[in-house]
Amino acid sequence: MAAGATYTPIASTTIGTAVASYTFSSISGSYTDLVLIASVQLSASGQSFNYQYNGDTGTNYSLTILKGNGTSATSDRRSSINYQLAAGWDAGLPSSGSSFATAIININNYSNSTTYKTSICRGSNAAGGDVTSTVCLWRNTAAITSITCYSGASANLAVGTTLALYGIAAA
Amino acid sequence: MILPGVIASSGVVASSFESIATSTVGSGGVASVTFSSIPQTFAHLQIRYIGRDNRTSNTLDTILLQFNSSTTSYYTHYLLGNGTTAAANGFSGSGIEIYRITGPSATSGIFGAGVVDILNYTSTTNNKTTRSLAGADLNGSGEIVLGSGLWYATPAAISSVKLSPTNATLFSEFSSFALYGIKA
């Protein structure tokens with residue numbers, strides 16, 4: 001019944017020089033789901049770690065977030081925005097030292113051309129001061145062929161940030 | 001122990017994660033999806049899905065998860081964010097409820113998504129515990145949910161998994177459910 005091994009590394013990078021963004025491009029449509037695992041530090045404080053698909057910078061995204069900031073658990077949302085958030089809400093990501101935030105983004109059924117794309121994400125930002133779970137919607141039925149990772153505002157992805165993209169193929 | 005997709009890890013080995021079976025719903029919908037004759041050669045199972053159903057006049061629903069055709073002795077706990085507040089709840093039922101999938105009142109094309117882990121499913125001594133991260137955003141409403149479920153009818157190994165819409169009759173076309181095995 002088992003159909004074989006999957007969860008295949010597609011691409012990864014370690015940021016060696018601070019950059020505004022990093023894009024996984026030409027993503028094969030041969031998988032069912034994508035998982036992006038990130039360990040991120042930013043060049044400026046108070047900023048979040050965001051992502052977009054297929055170069056779409058329009059207000060075609062939205063999100064609902066569950067978050068804890070060390071004091072209380074709350075929820076929030078953003079509608080018709082131009083980004084998806086992976087980590088850092090009440091508190092920004094680390095911007096110096098040896099601490100990084102992590103995010104695991106699950107993008108299920110990314111390659112179909114019939115449904116809008118929903119992703120679910122865990123953001124672990126203990127160094128910055130919060131933990132988040134997020135569901136994000138991209139109101140577009142196109143297959144996802146690229147993912148751009150970046151910070152809100154004008155912060156860069158700092159040196160030492162790692163980004164790894166995996167593909168999972170269903171039987 | 002590494003559970004890809006839910007627990008952070010950069011050490012995932014491709015051969016430790018295997019596709020077992022998948023079901024994509026066709027035109028007209030389907031009442032349920034059952035993965036049967038599940039191999040007992042893995043340590044854990046993972047279900048990854050996008051889902052939508054025909055729950056009348058609703059934007060959201062849940063998936064009812066049942067094991068080995070058992071309809072009793074389940075418990076569900078969740079921590080939920082609805083865009084305004086965080087809420088927690090726990091209840092017993094005829095299956096473990098996975099929050100969320102979308103319903104027909106959601107904009108066409110929007111599906112809920114989730115990742116569900118079924119831990120130590122081959123054990124014959126432990127009741128079975130699940131955990132999930134799932135949700136649906138509808139650009140103005142929606143929920144994100146951390147869930148945990150328990151099946152305590154018997155400590156039997158899980159050989160079949162049934163998914164059905166909790167408050168509807170059909171999963172909608174393009175819903176897709178995939179079962180994976182994770183080796184220790």
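The values are calculated or read from the model by the stated rules, or taken from the named source; none is laboratory data. No experiment lies behind these values; they were computed from the predicted model shown. Cβ atoms come from the backbone with ideal geometry, glycine included; neighbour counts cover every protein chain shown.
Which residue is nearest to the other protein chains (Cβ to nearest Cβ), if the candidates are limited to segment A:99-115 and must be among the hydrophobic types (A, V, I, L, M, F, W, C) and within 14 Å of the chain's Cα centre (by Cα)?
A:Ile104
Restricting attention to segment A:120-150 and to residues that are more than 7 Å from chain B (Cβ to nearest Cβ) and closer than 23 Å to B:Arg100 by Cβ, the residue that is surrounded by the fewest Cβ atoms within 10 Å (Cβ to Cβ) turns out to be A:Asn140. Annotation note: Cβ proximity below 6 Å between a residue of segment B:51-69 that is crowded, with 17+ Cβ neighbours inside 10 Å and a residue that is assigned to a strand (DSSP E or B) and hydroxyl-bearing (Ser, Thr, Tyr) (sequence gap 6+ or interchain) occurs for B:Arg52/B:Thr102; B:Thr62/B:Tyr99; B:Leu64/B:Ser164.
Identify, please: which residue in segment B:24-45 is closer than 13 Å to B:Glu173 by Cα and away from every other protein chain (no Cβ under 13 Å) and is, among those, surrounded by the fewest Cβ atoms within 10 Å (Cβ to Cβ)? Walk me through it before giving the result.
We begin by selecting, within segment B:24-45, every residue closer than 13 Å to B:Glu173 by Cα; these are B:24-33.
From what is left, the residues that are away from every other protein chain (no Cβ under 13 Å) are B:28-32.
Values: B:Gly28: 8, B:Gly29: 18, B:Val30: 18, B:Ala31: 11, B:Ser32: 15.
By that ranking, first place goes to B:Gly28.
What do you reckon, is A:Ala11 aliphatic (A, V, I, L, M), in a strand (DSSP E or B) and more than 9 Å from chain B (Cβ to nearest Cβ)? In short, yes.
Residues in segment A:54-87 that are of a type in the set (A, V, I, L, M, F, W, C) and buried (at least 22 other Cβ atoms within 10 Å of the Cβ): A:Leu63, A:Ile65, A:Leu66, A:Leu85, A:Ala86, A:Ala87. Taking the criterion of being farther than 10 Å from B:Gly147 by Cα and either within 16 Å of the chain's Cα centre (by Cα) or touching a residue at least 12 places away in the same chain (Cβ under 8 Å) (or both), the residues of segment B:70-88 that qualify are B:Ser70, B:Thr71, B:Thr72, B:Ser73, B:Tyr74, B:Tyr75, B:Gly81, B:Asn82, B:Gly83. The C-beta contact set for segment B:29-47 (first residue at positive phi, second residue among the aliphatic types (A, V, I, L, M), distance under 7 angstrom, 6+ apart or interchain) comprises B:Gly29/B:Leu170; B:Ser37/A:Met1. Look at (1) surrounded by 16 or more Cβ atoms within 10 Å (Cβ to Cβ); (2) out of contact with any Leu (no Cβ under 6 Å at 6 or more places or on another chain); (3) of a type outside the set (Phe, Trp, Tyr) and you find that A:Ser28 fails only one, number (1). Quick one: which of A:Ala153, A:Ala170, A:Ala164 is among the aliphatic types (A, V, I, L, M) and away from chain B (no Cβ under 13 Å)? Answer to the check: A:Ala153.
Conditions tested, residue by residue: (1) of a type in the set (Gly, Ala, Ser); (2) not in a strand (DSSP E or B).
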{"site": "A:Leu66", "(1), (2)": "no, no"}
{"site": "A:Ser95", "(1), (2)": "yes, yes"}
{"site": "A:Ile105", "(1), (2)": "no, no"}
{"site": "A:Ser124", "(1), (2)": "yes, no"}
{"site": "A:Ser133", "(1), (2)": "yes, no"}
{"site": "A:Leu137", "(1), (2)": "no, no"}
{"site": "A:Ile144", "(1), (2)": "no, yes"}
{"site": "A:Gly167", "(1), (2)": "yes, no"}
{"site": "A:Ala171", "(1), (2)": "yes, yes"}
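Taking segment A:47-84 as the range and being of a type outside the set (S, T, N, Q), over 22 Å from B:Thr84 (Cβ atoms) and in contact (Cβ under 8 Å) with a residue 60 or more places away in the chain as the test, the residues that pass are A:Phe49, A:Tyr51, A:Tyr53, A:Gly55, A:Asp56.
Against the definition (aliphatic (A, V, I, L, M) and at pLDDT below 95), how does A:Ala127 come out, yes or no? Quick ask: steps written out before the conclusion?
On the way: aliphatic (A, V, I, L, M): yes; at pLDDT below 95: yes.
Criteria met by A:Ala127.
Contact annotation: residue pairs with Cβ atoms under 8 Å, 6 or more positions apart or on different chains, pairing a residue in segment B:119-138 that is within 25 Å of B:Thr84 (Cβ to Cβ) with a partner that is modelled with pLDDT under 95, are B:Arg131/B:Val6; B:Leu133/B:Val6.
Residue count for segment B:87-120 satisfying the condition of being under 17 Å from B:Val161 (Cβ atoms), within 14 Å of chain A (Cβ to nearest Cβ) and surrounded by fewer than 24 Cβ atoms within 10 Å (Cβ to Cβ): 1.
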